Structures are given as structure tokens and as C-alpha cells.
């Protein structure tokens with residue numbers, strides 16, 4: 001996979017080979033934290049556009065949790081861009097030895113050179129109004 005600049009989006013991840021539907025792409029990796037800690041961090045990140053906010057909320061064993069991937073790393077999952085209408089990947093929660101992992105896998109065949117995209121799942125009208133790119 002290759003990271004490239006994408007006009008209007010910043011960085012994006014592009015496939016350098018073909019993927020078939022249902023194939024593992026990468027992990028959405030970061031620090032696993034509880035919901036309350038995540039909400040506190042999110043407030044700290046507000047307005048700090050120099051590094052953005054890469055929080056992924058989910059429920060695991062009836063507990064609200066979050067992967068905070070805001071800190072720069074060599075992991076690519078945090079750099080996949082959003083598309084509601086043209087997504088070719090989706091996240092899936094995987095339980096490995098009682099620990100949650102978020103993985104990205106293809107939801108259709110993907111060609112070499114294609115940008116890897118997934119639907120961030122944001123449906124809040126207030127947030128979408130502030131971030132118009134979430135409509136696409």
C-alpha cells in the first residue's frame with residue numbers, strides 16, 4: 001500500500017495490488033482506551049487542526065471503548081479516507097484472546113492503484129454540517 005496526498009482530503013492510502021472481496025487490508029491501530037478517557041481527549045483535540053482527531057468508538061463485550069489513532073505512527077489504517085458512496089473497505093471488530101482489534105477489509109474487489117476508502121459512519125447532522133466532506 002502507498003500513502004499519497006489527495007486533493008481536499010490530505011493523505012490517503014492506495015492499493016498497490018489487487019484485493020478480492022473480504023480480504024484483510026490493515027488494522028486500525030492506536031491506543032485502546034475507555035469511553036470516558038476518549039471523550040476527554042476528544043475535547044483536547046478540538047481545534048487542533050495540525051494533527052486532527054482519529055478516534056474510533058465501538059462497543060466490546062457491552063463496554064464502550066475507543067481506539068485513539070491520533071498520534072502519528074507507521075500504521076496505515078488511520079489514514080484511510082472516508083466515502084459514504086464509494087467505500088471499498090469496512091471495519092470489523094475482531095476478538096483475539098479477549099482483546100478487541102479493529103481491522104479493515106475489502107467489501108468489493110479492489111484494483112491496484114485504487115484509493116482505499118471506508119464509511120466513517122458519522123450520521124450526526126451537527127457534525128456533518130460542520131464537516132461537509134462526510135456527505136460524500
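Could you list, in sequence order, the residues of region 7-22 that are over 11 Å from residue 112 (Cα atoms), surrounded by 10 or more Cβ atoms within 10 Å (Cβ to Cβ) and more than 16 Å from the chain's Cα centre (by Cα)?
If the condition is that a residue be over 11 Å from residue 112 (Cα atoms), surrounded by 10 or more Cβ atoms within 10 Å (Cβ to Cβ) and more than 16 Å from the chain's Cα centre (by Cα), then 21, 22 are the ones that fit.
Looking at region 54-68 only, could you name the residues that are touching a strand residue (DSSP E or B) at 6+ places or on another chain (Cβ under 9 Å) and over 11 Å from residue 29 (Cα atoms)? First the steps, then the outcome.
Going residue by residue through region 54-68, those that are touching a strand residue (DSSP E or B) at 6+ places or on another chain (Cβ under 9 Å) are 54-61, 63-68.
Correct list: 57, 58, 59, 60, 61, 63, 64, 65.
Scan region 89-136 for residues that are outside any loop (DSSP other than H, G, I, E, B), at pLDDT below 65 and within 17 Å of residue 56 (Cβ to Cβ) and jot them down.
127, 134
Output the residue which, of all residues in region 27-39 that are in contact (Cβ under 8 Å) with a residue 24 or more places away in the chain and within 10 Å of residue 65 (Cα to Cα), is surrounded by the most Cβ atoms within 10 Å (Cβ to Cβ).
Of region 27-39, the ones in contact (Cβ under 8 Å) with a residue 24 or more places away in the chain are 27-35, 37-38.
If we keep only those that are within 10 Å of residue 65 (Cα to Cα) too, we end up with 32-35, 37-38.
On the way: 32: 15, 33: 16, 34: 11, 35: 14, 37: 13, 38: 19.
Of everything passing the filter in region 27-39, 38 is surrounded by the most Cβ atoms within 10 Å (Cβ to Cβ).
Can you pull out the residues in region 1-29 that are in contact with a helix residue (DSSP H, G or I) (Cβ under 9 Å, 6 or more places away or on another chain), in a loop (DSSP other than H, G, I, E, B) and at pLDDT below 95?
The answer is 8, 9.
State which residue pairs qualify: first residue on the phi > 0 side of the Ramachandran plot and buried (at least 16 other Cβ atoms within 10 Å of the Cβ) and inside region 89-111, second residue at pLDDT below 95 and in a strand (DSSP E or B) in any location, beta carbons under 9 Å apart, and separation of 6 or more residues or different chains.
Taking only residues 6 or more apart or on different chains, not a single pair turns up.
Give the residues of region 40-65 that are surrounded by 14 or more Cβ atoms within 10 Å (Cβ to Cβ) and either at pLDDT 95 or above or farther than 22 Å from residue 95 by Cα (or both), sorted by residue number.
Result: 41, 42, 45, 53, 58, 60, 65.
Report, by residue number, each residue of region 69-88 that is crowded, with 19+ Cβ neighbours inside 10 Å, in contact with a strand residue (DSSP E or B) (Cβ under 6 Å, 6 or more places away or on another chain) and in a loop (DSSP other than H, G, I, E, B).
76, 80, 83, 88
The values are calculated or read from the model by the stated rules, or taken from the named source; none is laboratory data. Remember, predicted model here, so these are calculated numbers, not experimental data. Note: ideal-geometry Cβ built from the backbone for every residue, glycine included; neighbour counts use all protein chains shown.
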